[in-house]
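Reading through the structure tokens given below for one structure.
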Ligand SMILES: *Cc1c(COP(=O)(O)O)cnc(C)c1O
């Protein structure tokens, strides 16, 4: 059996460190707020090269709070790429704005710059750029468009912990960036957790207040916020795991290189392209296969676990039927039948990788 994800194996490899960290939180009852949350926020902002990090409850809350903090006029249009997880667009609606989908780039699968431009209207105020699969978006081009049309840039970094654009870590390149620490992400907690990063003092303060009932001090509520907190246990786990993130990301990169080298001569398969300015941390290794469903069945029959990211593009979901973008001429609306995610992660051995490559080749013989 070759697993898509193996969090138990990862836990066993760092069990002493994790158990000590959890014991310390329990001994001090540092469950909400406190030094472990503060420590992780400092470590993570330093790691992502951002001035501020605000820990929150999960990656979806991070997006909602970040968008709310931007204080855009109600019912602003915010452009979101069509191939992502629903959280990227859900947050726009929940913050009181209108989702407009644009296409993705056929080389690296992040937001298509040309498609984005074609969707800008007088009401457009922001763009959510998703560093999808761990590959950064083309930030210089996005920033040029944002300056021309006066748009805010929200970076959805849920799949891109440690990813770099032209040598700079993602997150605080645009106005504000959001992270998820869902257990299966490149940096994952042992439950739900998320964070917001930014270089902007006011945005950071606003996010912290929104996430904590509109207050900075106890009982002095300046406005109605909400409760979305990174808790002490998750923060302590994340501080331990952050120390291993580079090593785990490097392993993902090595696996991706191995797949690319060894699957490159299968004509029916399109491999992901890494731009020369990108450090891709390969949260997902997505290939496109002509006979995807048959290939998937064949590989699963051999005990290889796979994923599809995503089987239905966002505009085609029932949730977005009301937008009427189902039949937009998007690559993202048609290629979901070809996408297939191969196993990638620190749990895989060289034998596992050989097995996957041989199986893919065997199917295409
Ligand atoms: C996982 C993910 C999220 C949401 O994160 P949660 O912590 O599960 O709320 C948002 N955007 C993208 C692109 C994701 O992959």
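DSSP beta bridges confined to the chain are antiparallel in about 60 percent of cases. The alpha-carbon atoms of the stretch 73-146, seen along their principal axes, cover 34, 25, 16 angstrom, with the largest extent given first.
Taking each residue as 0.36 nm, the span from residue 352 to residue 261 lengthens on full extension beyond its C-alpha to C-alpha distance by 31.2 nm.
When Rg and the Kirkwood Rh are both derived from Cα coordinates, the Rg/Rh ratio for the stretch 77-119 amounts to 0.99.
Our helix-only sum for the chain, with -39,500 (n - 2.57) per DSSP H run of n ≥ 4 divided by its residues, gives a mean residue ellipticity at 222 nm of -11500 deg cm²/dmol.
Its Cα gyration tensor gives the stretch 286-362 an equivalent ellipsoid, and the semi-axes of that ellipsoid, as √(5λ) in whole Å with the largest first, are 30, 13, 9. Over the stretch 60-204, with a single point scatterer placed on each C-alpha, what log10 of the ratio I(q)/I(0) does the Debye formula yield at q = 0.11, 0.17, 0.19 1/Å? Reported log10 I(q)/I(0), two decimals: -0.35, -0.87, -1.12. Size of the stretch 36-113: Rg and Dmax of its alpha carbons, in Å, are 14.8, 42. Note on the stretch 256-296: Kirkwood hydrodynamic radius from all Cα pairs is 11.4 Å, rounded to one decimal.
Once fully extended, how much extra length lies between residue 168 and residue 12, figured as 0.36 nm per residue of separation less the alpha-carbon to alpha-carbon distance? So the extension gain works out to 52.9 nm. Under the simplified labelling scheme, the residue 1-residue 290 pair shows an inter-label distance of 3.4 nm, with each label point 7 Å from Cα along Cα→Cβ.
Report note on the peptides 197-206, 59-68: ranked by the mean count of other C-beta atoms within 10 Å, highest first, their order is 59-68, 197-206.
Using only the Cα atoms of the stretch 1-54, build the gyration tensor, take square roots of its eigenvalues as a ≥ b ≥ c, and label the shape rounded, prolate or oblate: rounded if a/c is under 1.5, else prolate if a/b is larger than b/c, else oblate. Cα axes put the stretch 1-54 in the oblate bin. Put the Cα centre of the stretch 250-323 next to the Cα centre of the stretch 19-83 and the gap is 29 Å.
Volume per residue for the stretch 148-196 equals 68 cubic angstrom (convex hull of Cα atoms).
The reciprocal of the average 1/r between distinct C-alpha atoms defines the Kirkwood hydrodynamic radius, which for the stretch 162-222 equals 13.3 Å. Computed over all pairs of different Cα atoms, the Kirkwood value for the hydrodynamic radius of the stretch 197-338 is 19.9 Å.
Looking at the calculated P(r) for the chain, what percent of the C-alpha pair distances fall above 36 Å?
For the chain, the fraction of Cα-Cα distances above 36 Å is 22 percent.
Each value in this text was obtained by applying a stated rule to the coordinates, not by laboratory testing. All of these numbers come straight from a predicted model, not from anything done at the bench. Cβ: placed from backbone, ideal geometry, glycine included. Neighbour counts: every protein chain shown.
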